[in-house]
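Derivation of every value follows stated rules applied to the coordinates shown; laboratory data play no part. This is a predicted model, so every value here is computed, not measured. Every residue, glycine among them, receives a Cβ derived from its backbone with ideal geometry; neighbour counts consider all protein chains shown.
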Amino acid sequence: MNFKRSHIQNHNKNKYMKKINTILLIICSLTAFSQQSIVNVERSSPRTDSSSVINVDGLGNFIGGNNDLYLISSSVGYGQNFGSNSVKLIGGGSYITSYNSVLNNSWFGQLRHNYELSDYVKTFVFYQYQYNNVLLLDRRQLGGAGVRFKVMPDSSKVTFDILTGLMFEEELLNTASLMPNEMYHTKFIRGATSLVFKTKITKGLSVTNTTYYQPHISDPSDFRVLNDLDILLAISKTLNFIISSEYRYDSKPPSSLRAYDYNVTFGVNYKFEK
């Protein structure tokens, strides 16, 4: 009887652990794919009354047995104020394998400089490098500049900024999934317009929504729209629980890709400012 009871308990425990592993697999997959297309610099922006900020997201996991999953995903952002100048350096990536098959392998880096002309106007210059096997990107390079206008000041509970400029884009695609005569290496100029909306609902709860619009300058029918919605709930002064929702639309994607991507991520964010 004791043996039978122990066998039943072990069977139930295995079923329970399998469910837990499946849930972890889903959560980990969502988290890793959250870096699929959008590099959000807003989280790594130091406040006007702080000199620097460090922002860290990270996740690692290994599941074996009935499920086989290896995952590592992380991003690090650093922002520094130097009077009227501010610099941001952001990098990160994710790597997922399941049963020796690579589901996701992506990484990115961006360097950004802002110069404050007045309380309501800043200039920005940036360079970004990106690799992403899901989007068939063997290489994507972006370099751009523009102006940021503050419509509503930081002192209010609701802030709204408009960024507009131009960027040079180079893309080199993996040809394995493309049509024989499909273009795989492109270089052209895109517009770079962003709308950044932030609000503090309560002392510990804030919402940031960033919308990107990137049209091909010589072909307006070729454009990208990206939206990033972040909800941050403060756990402590430096630790936040974050819910992030991302949506990306490409009017002219490679032939083997869909025109849109979306995901929802639940995670923990560490942010230190001084």
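Summary table
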| read-out | value |
| --- | --- |
| Fully extended contour minus Cα-Cα distance, from residue 262 to residue 102, at 0.36 nm per residue | 55.6 nm |
| Distance between modelled label sites at residue 231 and residue 274, nm, 7 Å Cα→Cβ extension | 3.4 nm |
| Above-threshold pairs, the threshold being 27 Å between Cα atoms, out of 88/198; 198/237; 122/252; 88/274; 203/271; 150/187 | 122/252; 150/187 |
| Fully extended contour minus Cα-Cα distance, from residue 125 to residue 239, at 0.36 nm per residue | 38.1 nm |
| Zero-based 10 Å bins, Cα pair distances in the stretch 70-166, whole percents | 14, 33, 28, 18, 6, 1 |
| Average projected area [Cα convex hull, the stretch 51-99], square nanometres | 3.3 nm² |
